[in-house]
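Quick notes on the structure that follows.
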Amino acid sequence: MKRDRLRSLLLIPLLSLLAIGSNGVANAASFSAGSRAQLVSEARASLHSLYATSPKAKQLAAHAAAILVFPSVLKGGLMVGAAGGNGVLFRPDGTVLGYYNVASVSYGLQAGAQNFSEAMFLMKPAALNYLNSTDGLSVGSGPSVAVLDHGAGSDMSSTTLRSDIYALVFGQQGLMAGVGVQGQKITRLDD
């Protein structure tokens, strides 16, 4: 009886996550011009918000080859978790280079739901080439990724920036503690 109850408790979030995931796939397939324009607007607003609160982000942008911004990543789970959202790849001058989706699945002691924004500063042209020439970017393989606390204020220059990609997670809202980018898969959406 207890085992059945535990299975039921684990099955409900898993089914919910599968529904969220299949909805994300449907949304990616029907990515209209209107939704692209709205996504660009939201991504620009998120990036400006980050710049207003983090001098480090502005320093990164000054040296970046491109900036990938996910204005809204939804993460949820109970033991099994999933996260996903759409984003925009910008040149440092603000030109849109493409549209991307981020998704991840995790397992462990976790419960709740959270929404957050994420900015990934691709520091080297090789990181940008890797993103565009492969089947997508898997964080944890490929270019090196450093996750930064956007509130920290360390000095950065072209000689101290060594990672291929710097990721900043910001604007967290919700009841899930801790956010990371381990295990994320980033894929290009059809334009």
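The values are calculated or read from the model by the stated rules, or taken from the named source; none is laboratory data. Bear in mind the structure is a predicted one, so any value in this text is a computation, not a measurement. We place every Cβ from the backbone using ideal geometry, glycine too, and count neighbours over all the protein chains shown.
Yes/no matrix, rows are residues, columns are (1) modelled with pLDDT of 85 or more; (2) under 27 Å from M123 (Cβ atoms):
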| position | (1), (2) |
| --- | --- |
| K2 | no, no |
| A19 | no, no |
| Q38 | yes, no |
| A61 | yes, yes |
| A64 | yes, yes |
| L68 | yes, yes |
| S72 | yes, yes |
Residues in segment 47-67: is at least one of a type in the set (S, T, N, Q) and closer than 19 Å to N129 by Cβ?
no
Could you check segment 28-80 and list, in sequence order, the residues that are surrounded by fewer than 15 Cβ atoms within 10 Å (Cβ to Cβ), more than 24 Å from A113 (Cα to Cα) and of a type in the set (A, V, I, L, M)?
A29, A33, A37, A52, A62
Condition (residue is hydrophobic (A, V, I, L, M, F, W, C) and under 12 Å from V40 (Cα atoms)) applied to segment 77-89: is it met by at least one residue?
yes
Would you be able to say whether some residue in segment 67-76 is over 10 Å from the mean Cα position of the chain (by Cα) and of a type in the set (S, T, Y)?
no
Being outside any strand (DSSP E or B), over 19 Å from G174 (Cα atoms), polar (S, T, N, Q) and in contact (Cβ under 8 Å) with a residue 24 or more places away in the chain is the requirement here; does Q59 meet it?
yes
